[in-house]
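Here's the structure we're looking at; comments come further down.
The values are calculated or read from the model by the stated rules, or taken from the named source; none is laboratory data. Since this is a predicted model, take the numbers as computed values, not measurements. Don't worry about glycine lacking a Cβ; one is built from the backbone with ideal geometry, like all the others, and counts go over all protein chains shown.
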Amino acid sequence: MALGASGSGNQLIEAGGAEMLSLPEIPRERTAELVADMNMKGFGVLPGYVQPDDLARLRSFVEGAVSAAGEQYVSLTGADPVKGTLLQVLSSSPAFANLLHEVYELGAGVPAPDQSLYQVLRCLKGETGLKHALLFHFDSYVVTALLPVIIPTEGLTGKLVMAPNVRPIRSSYLFNLIDKIILDNPVTKFLLRKAYRSGLLKLTQIPMVPGNLYFFWGYRSVHGNEACDPDKIRATALFHFGDPHTNSRLRKFTGRAKTRAQVGAAQSS
Ligand SMILES: O=C(O)CCC(=O)C(=O)O
Ligand SMILES: [Fe+2]
């Protein structure tokens, strides 16, 4: 369903007078459809979430960042390195945070925790970009929203691939850690890559369209991206929300408590 058909119009969002971002308002019924798609197909899409003009400016920013990295892989984590861009405006917009909270609540059936969004701009290019293909993993956060910024239009386009919803939200960090140890080791990763490339492992393939906003249960789904041509840029902005294990003493003990989203610092502040 096209967003324009929701009839609710766009909202202009301003950040410090610098950037204006025009975002569609998503009615709750549309969010419920999105969540149903995430549960049933593995992912939901809001087509044309970001306007072409906004996207064009973001594209120039990415090209600059990749050029500064010597036309190689670069990832920018948090709001600071993307200050003044649409990505910062987006992650600090209450409407955007509310959308992720609503997805969380409709999916998890419990109130959204008081945590900020964790954002990453991930740019693949060159040989180093290729090294980031098919690195299958679970995210640490329940909801993943993915905005493709630049996607190659021919050759290897770097589709998102996933085995959706293969695990529940674990009741304890220990079970989550066991899952991660099983998946996050070089042997499993190698075997999964091999099985996928040989066609033995069938995964849901999602072609990426810049400007669309894709949602999936990153914590519950094994996922990664296919390779993209090393001479082209593939850039995706990721917004993660809802870390179920912030209070785990085990995580603090094992030193994996690098809490990247801030707890008790909701975005709307
Ligand atoms: O860029 C992508 O398509 C996915 C990246 C991802 O899953 C992640 O950064 O957690
Ligand atoms: Fe991920």
Considering each residue of the range 140-158, count those that are modelled with pLDDT of 95 or more, assigned to a loop (DSSP other than H, G, I, E, B) and touching a His at 6+ places or on another chain (Cβ under 9 Å), and give that number.
2
Looking only at the range 117-131, count every residue that is more than 8 Å from ligand 1 (Cβ to nearest atom) and either without any contact (Cβ under 8 Å) to a residue 40 or more places away in the chain or not basic (Lys, Arg) (or both) and tell me the total.
10
Does the range 84-91 contain at least one residue that is in contact (Cβ under 8 Å) with a residue 24 or more places away in the chain, assigned to a loop (DSSP other than H, G, I, E, B) and at positive phi?
yes
Among what's in the range 100-139 and is aliphatic (A, V, I, L, M) and part of a strand (DSSP E or B), pick the residue that is surrounded by the fewest Cβ atoms within 10 Å (Cβ to Cβ).
120
Quick one: how many residues across the range 223-244 are among the β-branched types (Val, Ile, Thr) and within 14 Å of ligand 2 (Cβ to nearest atom)?
1
Among the candidates 187, 263, 209, 166, single out the residue that is away from ligand 1 (no atom under 16 Å from the Cβ), within 25 Å of residue 31 (Cβ to Cβ) and of a type outside the set (Gly, Ala, Ser).
263
Give the residue that is surrounded by the fewest Cβ atoms within 10 Å (Cβ to Cβ), with candidates limited to residues of the range 241-256 that are modelled with pLDDT under 75 and in a loop (DSSP other than H, G, I, E, B).
255
Count of the range 163-207 residues which are touching a helix residue (DSSP H, G or I) at 6+ places or on another chain (Cβ under 7 Å), free of Cβ contacts under 8 Å to residues at least 60 places away in the same chain and aliphatic (A, V, I, L, M):
3
Candidates 78, 109, 84 - the one that is at pLDDT below 95 and more than 21 Å from residue 31 (Cα to Cα)
84
Going by what's in this entry, would residue 70 be described as out of contact with any Lys or Arg (no Cβ under 8 Å at 6 or more places or on another chain), surrounded by fewer than 21 Cβ atoms within 10 Å (Cβ to Cβ) and at pLDDT 95 or above?
yes
